[in-house]
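All remarks here apply to the structure that follows.
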Amino acid sequence: MIQAGFARVDITPPLGSPMSGYFYKRFAEGVLDPLSVNALAFGNGAQTAVILSADIAGMTENYADEVRALVEQRTGVPAVYVMICALHQHTSVCVAPNGNHDAIKDSVYLHMLYRKMADAAVMAVKDMSEAEVSVAAEQTAEQIAFVRRYVMPDGTVATNPSRRGPLPVRPCDEPDNTVRLIRFKREGKKDIAYVNFSTHPDVISGSKLSADWLGFTRRFVEEDNADVHCICITGFQGDSNHCDHLTRNERTLSREFGYQHSEHMGRVIADTVKRIWDHTEVHTGETIFAEKQVVYNKTNTEGEEEYAAQKAFYEDYEAGKFEKPPHISLLARAKRIINLRTTALYHAIPITVLGLGDLAFVGIGGEPFTYYTYATVALAKGKTVFCSSNSNGYVGYLPHERAYSEGGYETSSTVFTKELQGQILSTVKDMLEKF
């Protein structure tokens, strides 16, 4: 019999903490809603696995490995059976102790976070009790996720095209508006809802801390049913967000941006969970599987001969010399080229797969394009797939091969080459075939 347990621990950072996600500095000036780490533990009596979902923008692999080792030390769950998902809210902090310039460097907070994530795992394991596992999936009644890369009338591709320009012709790819649910039904304890949805948690912006639509989803699911704990996971979202540029003139700013729209998105997702909650299909598999592999991709050196010009351009931007800020695609490309002088020759992308019977939790340590969800499902050969971004690591955008010839912000900024798609999918395929 499968057992499952849940825990939640507050991890809200202090005011003044740097907030990650944009090309300008922000520091936390307030708290819209608390940030937390949510833990799901599941096991079969012989093996146990733990999934930690944290309201942080990203977590580098070295820090995630330290947390996973501490979880093993304190719970006995082997580190390979632990997957940490950074939910990627842009109203949170980035945990990269040896990296990003906008990452939080507060050693007191970093040590606290390290301990609290392990605490959540400990409490989830202690909370484990017998559970009936069932699954369901359904599209949201209203589309709230959109691929943000568009083909423009002149044939070019733009990420989040300007409102002052022409309307796009079409999005480059299909979005994913599927809510994927696992229900762990427990006798005498609260049920656990594992909710998986894919779009960028970049709805609110500003300088106040928030868990964005993921926090609203958790709260609404739990308000709808007082006997449920909810853990919410961001799927593959590297090229998606909440903006519909094809009908942008029909949308109001209050609905498209900010806290109100984030709340609306959480309500839409929670309503989908409510519709399918009593219509899940029972899952009887009890085998627990875990593996982590690392893909190494050679650094994208496109534009290296432009180093001097791009450095001067970016310095002018930082000095405020432009009357109108340059497009983020230009800034991203300049920053990537500047960093070539100090970056590694190869970059590592961690890939983690946990299995529960024929349920597959596929975590990639970066921001894969939505395409990778559909590709992973196709590779799964009957397994039910739940994808998660920024899992056990955080390495930036992971485009598909076609995007490199199309262009856009994501391919301008990525440190990876177009061979990435084949490397990721062959590794995922190999891992999925092992259970």
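Within the range 190-237, all pairs of alpha-carbon atoms sorted by distance into 5 Å bins from zero give the percentages 5, 21, 27, 20, 15, 9, 2, 0. Once both labels are positioned 7 Å from their Cα atoms along Cα-to-Cβ, the gap between Ala319 and Lys105 label points is 2.4 nm. Only beta bridges with both residues in the range 34-85 are counted; by DSSP, about 65 percent of them are antiparallel. Solvent-accessible area per residue in the range 348-435 equals 28 Å², computed with a 1.4 angstrom probe and all protein chains kept. Using C-alpha pairs under 8 Å with a sequence gap of at least 6, the mean separation divided by the residue count of the chain gives a relative contact order of 17 percent.
Here, the range 111-200 yields an orientationally averaged convex hull projection of 10.0 nm² when only Cα atoms define the hull.
Looking at the chain, the DSSP beta bridges with both ends there are about 70 percent antiparallel. Summing Lys and Arg as +1 and Asp and Glu as -1 over all other residues whose Cβ lies under 14 Å from the Cβ of Glu286 gives a net charge of -3.
How much of the accessible area of the range 133-233, probe 1.4 Å, is carbon plus sulfur, in whole percent? Whole-percent figure for carbon plus sulfur exposure: 48.
Shown here: semi-axes √(5λ) of the Cα gyration tensor in Å, derived from the displayed model; of the candidates (1) 63, 32, 17; (2) 34, 27, 24; (3) 34, 23, 22, it corresponds to (3). For Thr376, the accessible surface of its heavy atoms amounts to roughly 0 Å² (probe 1.4 Å, protein chains only, rounded to the nearest 10). Result for the chain in a Gaussian network model with C-alpha springs under 10 Å: among Leu70, Leu345, Leu354, the largest mean-square fluctuation is at Leu345. A convex hull fitted to the Cα coordinates of the range 192-300 yields 192 cubic angstrom per residue. Between Gly365, Gly155, Gly258, the GNM of the chain built on Cα springs shorter than 10 angstrom shows Gly155 fluctuating the most. Measuring against 32 Å, Cα to Cα, the residue pairs Lys25/Lys274; Lys116/Lys381; Lys383/Lys418; Lys105/Lys298; Lys116/Lys185; Lys116/Lys335 contain Lys25/Lys274; Lys116/Lys381; Lys116/Lys335 as the ones spanning a longer distance. A Cβ-based charge dipole, computed about the Cα centre of the chain with Lys and Arg at +1 and Asp and Glu at -1, lands at about 380 debye.
The eigenvalues of the Cα gyration tensor, multiplied by 5 and square-rooted, give the range 152-219 an equivalent ellipsoid with semi-axes of 37, 18, 6 Å from largest to smallest.
A simple spin-label model places the labels of Ile328 and Glu281 3.8 nm from each other, with each point 7 Å out along Cα-to-Cβ. Note on the chain: with a GNM built from Cα contacts shorter than 10 Å, the maximum mean-square fluctuation among Pro34, Pro399, Pro166 falls on Pro166.
Note: relative contact order over the range 317-391, using C-alpha pairs below 8 Å and six or more positions apart, is 26 percent.
Based on DSSP H segments of at least four residues, each scored -39500 (n - 2.57), the chain has a per-residue ellipticity at 222 nm of -9000 deg cm²/dmol.
The range 340-433 has equivalent-ellipsoid semi-axes of 25, 14, 11 Å, by the square roots of 5 times the alpha carbon gyration tensor eigenvalues, sorted largest first.
Give the Debye-formula value of log10 I(q)/I(0) at each listed q (0.12, 0.14, 0.18, 0.19 Å⁻¹), with one equal scatterer per alpha carbon of the range 63-124, two decimals each. Those come out to -0.31, -0.42, -0.67, -0.74, one per q. Computed over the range 1-120, relative contact order equals 30 percent, with contacts defined as Cα pairs under 8 Å that lie 6+ residues apart.
Seen from Thr217, the other residues with C-beta closer than 13 Å to its C-beta sum to a net charge of -3, counting Lys and Arg as +1 and Asp and Glu as -1.
The values are calculated or read from the model by the stated rules, or taken from the named source; none is laboratory data. Only a predicted model underlies this, so the values are computations on that prediction, with no experimental measurement involved. Neighbour counts run over all protein chains shown; Cβ positions are idealised from the backbone, glycine included. Heads up: the accessible areas ignore ligands, DNA and RNA and are worked out on the full protein's heavy atoms, side chains in. Shrake-Rupley method; radii C 1.70, N 1.55, O 1.52, S 1.80 Å.
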